[in-house]
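Below is one structure, written out as structure tokens, with a few remarks after it.
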Amino acid sequence: MKVHNTLATQTTRRVFATGAISVVAALALSACGGTASTAPSSEAAKQDLKAAGAGTITMWVDAERSPALKDITEKFKSDTGIEVKLVVKDFAAVRDDFITQVPTGQGPDLIVGPHDWIGKFVQNGVIAPVELGDKASQFQDSSIKAMTYNGAVYGVPYAIENIALLRNTSIVDSKANTLDEVVANGKKAVAEGKATFPFLVGMDPKQGDPYHLYPLQSSMGSQVFGKNADGGYDAKQLLIGDAAGVEFAKKLAAWGDAGEKIINSNITGDIAKEKFLAGESPYFLTGPWNVPDVQKKGIKFAVDELPTAGGEAAQPFIGVNGFFISAKSANALATNEFVTNYLTSESAQDSMYTAGGRPPALKASFEKAASDPVVEAFGKIGATGVPMPAIPEMSAVWADWGATELAIIKGQGDPAEAWTKMAASIKSKIGG
């Protein structure tokens, strides 16, 4: 997960035969823009699928994930006679293109993307809910929570990702529980000439990195939003400016350029990776996307739990990748069938894991993937995380949050005043 206002989400996969409802009911729901449904795979159902709309389903997908969907789309065509056309799109622009084109009828039937797009999608009326029924229990709970918005599930997840603390075991041979212990170990390694940097985390030159720093913040009791009765984030409860947040801001200043220099504003994500690969630090706060290069480099490493900076658990944000159904699909029935009964299958979930290396959302697939200790470790840490807020108001948070953190890390201004000003700015933008 490299871009934090578009964090990656997962899609869940469901077993073909379960949770089916009648074709007639599905058509009725589709016609009124209601909840998508599963459909039986009988011969009668197949005929209805072909008769219910367009003979081709279109999915927008990126180049990385497209090959992983080839087998399942071919199976769907073999079973139903309906082709799933995979259209590779520029991932940086695909969300906004989807929002723009769906209302005109020019958009696809399906799109793959991260769960934190859901709020914007729902706000613009471009995706339909998905009824997972009893299949929901076959997925990691956190993935279903991430796909849930205003009480409805809007996507089928397939992968979960989160950060952890990579440790070069040749430099530090045992794990630490707190950031203080991490820093002490790192400084000791530097003093002994085993490392140059005690700790590495990448900072964007303009936006800092609230995503990577969030576990430290959450361990100090600071959250962005409170939650409503159904467990979803509530934009009316903006908590980021509370006393815990102010204390975190003070810590940022102490760790930053004018303090201990544990967090360096001049270390970007690429530089942090480069230095860790060069063996210049025992620690690297990052996600599974950087593990393959660490392995290729031959570095002996461990995936450690996130260290705490305060008295509470260090909860990372989790991103869930998934599949979303257009509210204007030209063949909603067939699209629902493909999403809920094919993309939820274990074979499809396995294929997506093989292609992307992200821990699967489907429990059965995760259990197989967890034979890899790296996947197992990231998965366990992710189970303790919280979904990235998907509410539309979150888009008004990132810029102020990141810029303020970066300024504090640089030693610019009073951290408490800057944090309080940031919270007031966010509140004015979201009307909270």
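The values are calculated or read from the model by the stated rules, or taken from the named source; none is laboratory data. Every value quoted in this text rests on a predicted model; they were computed, and no experiment measured them. Don't worry about glycine lacking a Cβ; one is built from the backbone with ideal geometry, like all the others, and counts go over all protein chains shown. The area values use the complete protein model at the heavy-atom level, side chains included, leaving out ligands, DNA and RNA. Shrake-Rupley method; radii C 1.70, N 1.55, O 1.52, S 1.80 Å.
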Cα-based shape type of segment 284-432, given that a ≥ b ≥ c are square roots of the gyration tensor eigenvalues and the cut on a/c is 1.5: oblate
Top to bottom by accessible area (1.4 Å), largest first, where do 89, 410 land? 410, 89
Nearest-ten-degree value, helix 373-382 long axis tilted from longest Cα axis of the chain: 90 degrees
Is the C-alpha gyration tensor of segment 63-150 telling us rounded, prolate or oblate? Criteria: a/c under 1.5 is rounded; beyond that, a/b larger than b/c is prolate, otherwise oblate. oblate
Can you give me the C-alpha center-to-center distance between segment 67-106 and segment 157-191, rounded to a whole angstrom? 40 Å
³J(HN,Hα) computed for each position of segment 343-357 - Karplus, 6.51 cos²θ - 1.76 cosθ + 1.60, integer Hz, glycine/proline x: 5, 8, 6, 4, 5, 5, 5, 4, 5, 5, 5, 4, 6, x, x
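Looking at the square roots a ≥ b ≥ c of the eigenvalues of the Cα gyration tensor of segment 330-371, which shape do they give, rounded for a/c under 1.5, prolate if a/b is larger than b/c, or oblate?
Prolate, because a/c is 1.5 or more and a/b exceeds b/c.
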To the nearest 10 square angstrom, how much accessible area does residue 363 have with a 1.4 angstrom probe? 70 Å²
Which value, in Å² rounded to 10, gives the accessible area of residue 301 with a 1.4 Å probe and all protein chains present? 50 Å²
Over the chain, with a Gaussian network built from C-alpha contacts below 10 Å, which listed residue (379, 119, 81) shows the highest mean-square fluctuation? 81
Kindly provide the helix-only [θ] at 222 nm of the chain, computed as the sum of -39,500 (n - 2.57) over DSSP H runs of four or more divided by all residues, to the nearest 500 deg cm²/dmol? -11500 deg cm²/dmol
Diffing segment 150-158: the Karplus 3J(HN,Hα) column from phi (6.51, -1.76, 1.60, θ = phi - 60°), in whole Hz with x for Gly and Pro, holds 6, x, 10, 8, 10, x, 9, x, 10
Can you list the HN-Hα couplings for segment 213-221, worked out from phi with the Karplus curve (6.51, -1.76, 1.60; θ = phi - 60°), rounded to whole Hz and with x for Gly and Pro? 8, 4, x, 5, 5, 5, 5, 9, x
Shape metrics for segment 136-187, restricted to C-alpha atoms - Rg then Dmax, Å: 18.0, 48
Output the antiparallel fraction of DSSP beta bridges having both residues in the chain, as a percent to the nearest 5. 65 percent
Please give every one of the lysines within straight-line cross-link reach of residue 429, meaning a C-alpha to C-alpha distance under 17 Å, and leave out same-chain neighbours fewer than 8 residues apart. 120, 236, 421
So with the 1.4 Å probe, I'd like the accessible area per residue for segment 53-137, rounded to whole Å². 41 Å²
Interchain or long-range residues, amide H under 5 Å from residue 57's placed H: 83, 84, 85
Filtered trypsin sites (Lys or Arg not before Pro), segment 197-242: DSSP coil and at most 11 other beta carbons within 10 Å: 206
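Given a cut-off of under 8 Å on Cα pairs at least six residues apart, what relative contact order in percent is computed for the chain?
The value is 30 percent.
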Once you have the alpha carbon radius of gyration of segment 259-348, what is it after dividing by 2.2 N^0.38 Å, with N set to its residue count? 1.68
Would you calculate the volume per residue, in Å³, of the smallest convex hull containing every Cα atom of the chain? 127 Å³
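Roughly speaking, to the nearest percent, how much of the chain's 1.4 Å accessible area is carbon and sulfur?
50 percent
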Residue 107 long-range amide H proximity, modeled H, under 5 Å: 102
Dipole of segment 303-430, Cα-centred, from +1 at each Lys and Arg C-beta and -1 at each Asp and Glu C-beta, to the nearest 20 debye? 400 debye
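Relative to the compact-globule scaling 2.2 N^0.38 Å, provide the ratio for the alpha-carbon radius of gyration of segment 64-219.
1.45
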Long-range amide H contacts for residue 130: which residues qualify at under 5 Å (H placed 1.01 Å from N, peptide plane, sequence gap of 5 or more or a different chain)? 36, 153, 154, 155
Inter-centroid distance (Cα atoms) of segment 115-151 relative to segment 298-343, Å: 11 Å
Please identify the GluC sites (Glu not before Pro) of segment 238-276 that satisfy two criteria: DSSP loop assignment and at most 16 other Cβ atoms within 10 Å. Which are they? 260
